1. Pairs please, first residue from segment 19-48 and among the basic types (Lys, Arg), second anywhere and away from the ligand (no atom under 16 Å from the Cβ) and assigned to a loop (DSSP other than H, G, I, E, B), Cβ atoms under 6 Å, 6+ apart in sequence or on different chains.
2. Would a scan of segment 108-128 turn up a residue that is under 17 Å from residue 21 (Cα atoms), modelled with pLDDT under 95, surrounded by 13 or more Cβ atoms within 10 Å (Cβ to Cβ) and touching a His at 6+ places or on another chain (Cβ under 8 Å)?
3. In the set 89, 105, which member is more than 14 Å from residue 11 (Cα to Cα) and at pLDDT 95 or above?
4. Has segment 221-235 got at least one residue that is buried (at least 16 other Cβ atoms within 10 Å of the Cβ) and under 26 Å from residue 104 (Cβ atoms)?
5. In the list 186, 261, 210, which residue meets the criterion of being surrounded by fewer than 21 Cβ atoms within 10 Å (Cβ to Cβ), touching a Leu at 6+ places or on another chain (Cβ under 6 Å) and not basic (Lys, Arg)?
6. Six or more apart or on different chains, Cβ under 8 Å: which pairs go from a residue in segment 226-237 that's under 17 Å from residue 121 (Cα atoms) to one that's of a type in the set (Asp, Glu)? Could you list them?
7. Looking at segment 40-62, is at least one residue over 17 Å from residue 20 (Cα atoms), of a type in the set (D, E, K, R), touching a Cys at 6+ places or on another chain (Cβ under 9 Å) and buried (at least 16 other Cβ atoms within 10 Å of the Cβ)?
8. Among the charged types (D, E, K, R), at pLDDT 95 or above and part of a helix (DSSP H, G or I): is that true of residue 192 in this structure?
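The values are calculated or read from the model by the stated rules, or taken from the named source; none is laboratory data. Please read all numbers here as calculations on a predicted model, not as lab measurements. Every residue, glycine among them, receives a Cβ derived from its backbone with ideal geometry; neighbour counts consider all protein chains shown.
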Amino acid sequence: MTILLMVLFFIVGALVGSFINVVADRLPAGKSIISPPSHCVECQHPISARDNIPIVSYLCLRGHCRNCGATIPRRLLWVELGTALLFAFLYWHYGLSWETAFVAFYCCLFISFLLIDLERSILPNKLVYPGIVIALVIASMGSIFGFEPNDIIGGGFRLWIVDAAIGGGIGFLLLLLPALLYRGGMGWGDIKLAALIGFVTGFPLVILAMFFAVIAGGLTAAILLLLKLKGRKDAIPFGPFLSLAAMATLFWGKDVLDWLMITFAVK
Ligand SMILES: [Zn+2]
């Protein structure tokens with residue numbers, strides 16, 4: 001049963017990944033994510049159902065359009081496969097629960113930010129604002145019905161909406177200060193995404209998320225500089241690191257926080 005459900009989560013994840021690809025391609029370009037149906041970007045030929053199966057079709061077609069032979073971006077395969085594995089992981093980590101649904105939704109949002117910021121260096125408001133509204137609605141519902149996913153909030157004020165509101169404020173301020181002090185490094189998009197992450201993870205996990213993002217971003221920048229893949233003046237988008245850090249915090253933030261509390265004997 002467990003294996004069967006894990007396979008089911010994998011398949012659903014692959015389908016969701018296919019949708020994330022559409023969002024990442026069309027939303028920043030101001031196009032509708034619903035119509036027209038999938039088509040080849042080169043020859044505009046509509047993609048038939050048999051060529052639109054996540055992962056499988058890309059492999060069968062060896063990454064080329066059946067009609068004109070144009071190369072299909074490899075990102076489509078990686079995102080479908082990555083999201084499929086992530087969904088299987090979510091089931092393994094959380095089991096069948098409401099928490100799985102919340103975290104899966106937030107992961108899809110963060111993967112979209114990661115892709116769009118990597119490819120276009122923007123974090124669209126059209127995703128950030130609805131994300132904040134949904135995070136606040138979920139936190140409010142949780143507070144009303146006394147529902148508190150332990151892995152999402154850690155040791156805060158024990159009322160999800162309070163944790164979320166404080167988390168959002170702290171996320172916003174933590175990135176606003178460096179953005180004001182060192183002009184050019186951080187953009188408004190990063191600051192708004194940090195606020196969204198705060199609303200999602202709540203207080204105090206938001207601090208951990210920002211810490212993870214800075215460490216990951218700093219290490220990556222150092223490696224890119226050492227390997228001379230990037231120069232000192234090149235901008236490296238921070239959104240992908242914020243997105244990855246937010247997901248890591250959702251999965252393991254509570255454990256890290258518990259470990260810190262025990263290690264440093266904070267009661
Ligand atoms: Zn084509």
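1. 26/33
2. no
3. 105
4. no
5. From the options 186, 261, 210, the qualifying one is 186.
6. Taking only residues 6 or more apart or on different chains, the pairs are 237/117.
7. yes
8. Here the answer is yes, as residue 192 does meet what is asked.
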